[in-house]
Structure formats: C-alpha cells, structure tokens
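> Sharing a structure with you now.
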Amino acid sequence: LGQLEYRAIRVFVTFEAEKDQRRVLERLTVGSVQAARNDHSAVSDPKYLFRGNYVLSVSEALEPNTILWMSLNSKFIQRLRQQGLTTICTLLGIVAVAMIVRLVNEFKPKATAYTIAAANMIFPIVAKEFGKLESHSNEGSKQLSLYFKIALFRFVSTAVVIMLITPFTSTLEEKGGLIPQVYAIFYAEIITAN
C-alpha cells in the first residue's frame, strides 16, 4: 500500500495550542464561493495560496470521532444519488402505507389507528437500513438524513393520510369523523412503543 499514490481529499491539521489554530483559521479562511472559484483576491497575502496558485477551503474540523472516514472520498454526485434514491424509497413507503391505511379504514375503521401506529413503529428500522446505503462525511449529516426521513414519514402517515381518507362531509361526525380518528391515533401511539 505504501507504493500506491493516493489523491488527497481532505487534510486535517492538528495544533499544539488553540491560539495557533485560531490564528491560522483567521488568515486562511475564505468564503466557499471564493475557494471554489479559486479567487486569489480573497486571500490577504499571496503566500497563503497552496503551491502558489490555489485558494484553500479552510474550516474548523468536526470532532474526529464524528467523521466517517471511509466515506470522505465519495463524490457529491454519488452522495446526491444515494440520498435521492433513499428519499424516493421513503416516499414510496409513504404511498404504500397510505394505501394500506385506506384499505384498513374501509373494512375496519377502528384498526386504522393501530395500522398507523404500527407503520410509525416499523419505519425507523427501515430508515436505518436506508441510511446504510448512503455515504455521509460525518455522523451529524447521517443523523440529519435519518431524522428527515422519519419525521416526513410520521407526519404524512399520522396527520395527512387520516385527513385524506376522511370524507370532508363526515369530518365533524361523532363516529368515523376526524376528531374520533385523531383520538384513536393518539391512543394507539400511547399504548405502542416509540
């Protein structure tokens, strides 16, 4: 492995003292747009250009234990594709659960709330498996993606689907109306584990 050449993706620099880190960040930090355009005017002194020609994108690093080292070299397009695919799978899951809830509501309305609660219980497990298919540079990004998928799924399956399957004319009815169904969902969520 020592004979192979590796292209540097990111460079992490450690400092003995925090004041040295602050001084380096103060002198080398430029905007992300200027770094992407290699805008030499963004750098205060030409001696801070890398190899005399390149503007570095310098920022304070995350904690070492939050960086997903094996995913650092994944390209932006690759990450976008992976996250897009898992988001599409999440949306398809929402549609599938909505159809199941609608069918259950037609045959046994009292079981609708438990169907929604069960879906809300099962989907986080599925979302974690989706997360294994995605490349993220750090743990925070990975957790944000997981949170987004679970929050979207639960919001739509709990709030939107029940509103869509309840006919507008029976919204205020005591049986089969929106308020009794919301009550049933709350009750089902209380007695099932999150």
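> For Ala111, state whether it is part of a helix (DSSP H, G or I), modelled with pLDDT under 85, out of contact with any Phe, Trp or Tyr (no Cβ under 6 Å at 6 or more places or on another chain) and hydrophobic (A, V, I, L, M, F, W, C).
Judged against the criteria, Ala111 is a match.
> Could you list, ordered by first residue, the pairs with Cβ atoms under 7 Å in which the first is in the range 25-45 and in contact (Cβ under 8 Å) with a residue 12 or more places away in the chain and the second is open to solvent by 80 Å² or more (accessible area, probe 1.4 Å) and in a helix (DSSP H, G or I), at least 6 apart or interchain?
Close Cβ pairs (under 7 Å, with a partner that is open to solvent by 80 Å² or more (accessible area, probe 1.4 Å) and in a helix (DSSP H, G or I)) amount to Ser44/Arg27.
> I've got another one for you. What's the number of the condition Lys175 fails, among (1) assigned to a helix (DSSP H, G or I); (2) of a type outside the set (Asp, Glu); (3) farther than 30 Å from Leu72 by Cβ?
For Lys175, the failing item is (1).
> When only residues in the range 132-149 that are open to solvent by less than 20 Å² (accessible area, probe 1.4 Å) and either over 13 Å from Leu68 (Cα atoms) or of a type in the set (A, V, I, L, M) (or both) count, which is nearest to the chain's Cα centre (by Cα)?
Ser145
> Also, I was wondering about something else. Which of the residues spanning the range 55-88 are hydrophobic (A, V, I, L, M, F, W, C), modelled with pLDDT of 80 or more and assigned to a loop (DSSP other than H, G, I, E, B)?
Of everything in the range 55-88, those that are hydrophobic (A, V, I, L, M, F, W, C), modelled with pLDDT of 80 or more and assigned to a loop (DSSP other than H, G, I, E, B) turn out to be Val55, Leu56, Val58.
The values are calculated or read from the model by the stated rules, or taken from the named source; none is laboratory data. Worth saying up front: this structure is predicted, and the values here are computed from it rather than measured. Glycine also receives a Cβ, built like all others from the backbone with ideal geometry; neighbour counts cover every protein chain displayed. Surface accessibility is based on the protein's heavy atoms, side chains included, excluding ligands, DNA and RNA. Shrake-Rupley method; radii C 1.70, N 1.55, O 1.52, S 1.80 Å.
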